[in-house]
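Inspection log for the structure reproduced underneath, given as structure tokens.
The values are calculated or read from the model by the stated rules, or taken from the named source; none is laboratory data. Everything numeric here is computed off the predicted structure, so don't read it as measured data. Because the Cβ atoms are built from the backbone with ideal geometry, glycine has one as well, and the counts that use them run over all protein chains shown.
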Amino acid sequence: MRLFIIALILLVVVERHDAFRAARPLLRRTCLSSGSTSNSEARTPLTQAPSTSSTMTVVEATAEEDEDEKLYGHLYQKKVPIGSAPQFAIAGDSTEETPYQRGVVFLHFALTLANLVHARYSITSVMDILPLALTIMASIVLGDLGTGIFHWSVDNYGGIKTPVFGSVCVAFQGHHDTPWTITFRSFCNNVFKIAYGTIPPLLLLLLAGPTVVSPLARIFATLFINWWLISQEFHKYSHMRSTPPLAKKLQEMGIILSKKEHGLHHTSPFEGHYCILTGVCNPLLDKTHFFRHLERFFFAITGNTPNTWKADPKLREVGKLF
Ligand SMILES: [Zn+2]
Ligand SMILES: [Zn+2]
């Protein structure tokens, strides 16, 4: 509980630091408007205009993708200098923070705090500290894994019409083309869409009584859900050229996602390094081809082709056991 409050205060301090205002984008190399043979040409975002050189063929395009293209295709024809201004994958999106966004994020943290208070975990001896410490550590490691699975899912599947996370799918897929845009966002503007996914489970958790959820299980679940939202802010820090000093220190210490680790994700076909909380799970997931197995599993069940396979068809065979 105290650790969470300290983490929250640290986040606010980092956010309010002057250096944040002066922050500028780190990654500037992928954009269709650059006219280069960029990563985005190899990938096949749902919003991308038809490309004659793309490995994705028009044959694979669906009616829904055509409609998406009509809505967002204009973004790829703009001649905007790379990184000098935010570019949006969703019509009507903005970097302006609104009272609505603040309200959504406030609700997330209010429910997080209420759950931690509701856990009523009391430390009466030194022996009570170890289970709490292990629970927090487990929430961070598994939270990192959770962000990887979430990031992989919205990078590879879905579009604007996907329930709840439609705008997140488009935003994550568009992020590969204009990675600097995230650095122009304030905290609430950056994370409020993730709160659409965190608020319902936090609310359900709060409604579940102590006989249903034990104190440590409640602390674990609350932190696990909370890291999901926080990871989007760490993701932003990993793209900043001038990172706030405290965030930079935490990156260098390996406590939060580093620029180097996340930079490895931003290469076509965007098939690895999906975890964005600390990145600690990435080596194991990538070495074991975890996401290739997951893609084959979902392809077998649903017939949906992930964007990574469209960008590099060889990926569908990677790590195949039989
Ligand atoms: Zn991505
Ligand atoms: Zn990124």
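At-a-glance table
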{"quantity": "Among the candidates VAL105, VAL170, residue that is buried (at least 21 other Cβ atoms within 10 Å of the Cβ), at pLDDT 90 or above, closer than 23 Å to ILE276 by Cβ and away from ligand 1 (no atom under 15 Å from the Cβ)", "calculated": "VAL105"}
{"quantity": "Neighbours by Cβ (under 9 Å, 6+ apart or cross-chain): first from region 172-196, among the basic types (Lys, Arg); second away from ligand 2 (no atom under 12 Å from the Cβ) and part of a loop (DSSP other than H, G, I, E, B)", "calculated": "ARG185/PRO86; ARG185/THR95; ARG185/GLU97; LYS193/PHE165"}
{"quantity": "Close pairs (6 angstrom Cβ cut-off, 6 or more residues apart or separate chains): crowded, with 21+ Cβ neighbours inside 10 Å in region 201-223, aliphatic (A, V, I, L, M) and at pLDDT below 95 anywhere", "calculated": "ARG218/ALA119; ILE219/ALA119"}
{"quantity": "Conditions (1) outside any helix (DSSP H, G or I); (2) touching a strand residue (DSSP E or B) at 6+ places or on another chain (Cβ under 9 Å); number of the one not met by THR183", "calculated": "(1)"}
{"quantity": "Search result, residues across region 224-253 that are in contact (Cβ under 8 Å) with a residue 24 or more places away in the chain, of a type in the set (A, V, I, L, M, F, W, C) and out of contact with any Gly (no Cβ under 7 Å at 6 or more places or on another chain)", "calculated": "ILE225, LEU229, ILE230, PHE234, MET240, LEU246, ALA247"}
{"quantity": "Which listed residue, of THR62, THR98, THR135, THR124, is β-branched (Val, Ile, Thr) and at pLDDT below 55", "calculated": "THR62"}
{"quantity": "Test result for HIS266, within 16 Å of ligand 2 (Cβ to nearest atom) and surrounded by 13 or more Cβ atoms within 10 Å (Cβ to Cβ)", "calculated": "yes"}
{"quantity": "Residue list for region 251-284, filter: more than 15 Å from TRP152 (Cβ to Cβ), in a helix (DSSP H, G or I) and either β-branched (Val, Ile, Thr) or in contact with a helix residue (DSSP H, G or I) (Cβ under 7 Å, 6 or more places away or on another chain) (or both)", "calculated": "GLN251, LYS259, GLU261"}
{"quantity": "Checklist (1) within 16 Å of ligand 2 (Cβ to nearest atom); (2) outside any loop (DSSP other than H, G, I, E, B); (3) not hydroxyl-bearing (Ser, Thr, Tyr) applied to ARG218, failing item", "calculated": "(1)"}
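Conditions (1) part of a helix (DSSP H, G or I); (2) of a type in the set (Phe, Trp, Tyr); (3) within 16 Å of ligand 2 (Cβ to nearest atom); (4) closer than 22 Å to GLY197 by Cβ, marked per residue:
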position: THR112; (1), (2), (3), (4): yes, no, no, yes
position: LEU116; (1), (2), (3), (4): yes, no, no, yes
position: GLY143; (1), (2), (3), (4): yes, no, no, yes
position: VAL154; (1), (2), (3), (4): yes, no, yes, yes
position: ILE160; (1), (2), (3), (4): no, no, no, yes
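Residues checked against (1) of a type in the set (Phe, Trp, Tyr); (2) within 12 Å of ligand 1 (Cβ to nearest atom); (3) at negative phi:
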| residue | (1), (2), (3) |
| --- | --- |
| SER231 | no, no, yes |
| TYR237 | yes, no, yes |
| GLY254 | no, no, no |
| LEU264 | no, yes, yes |
| THR267 | no, yes, yes |
| GLY272 | no, yes, yes |
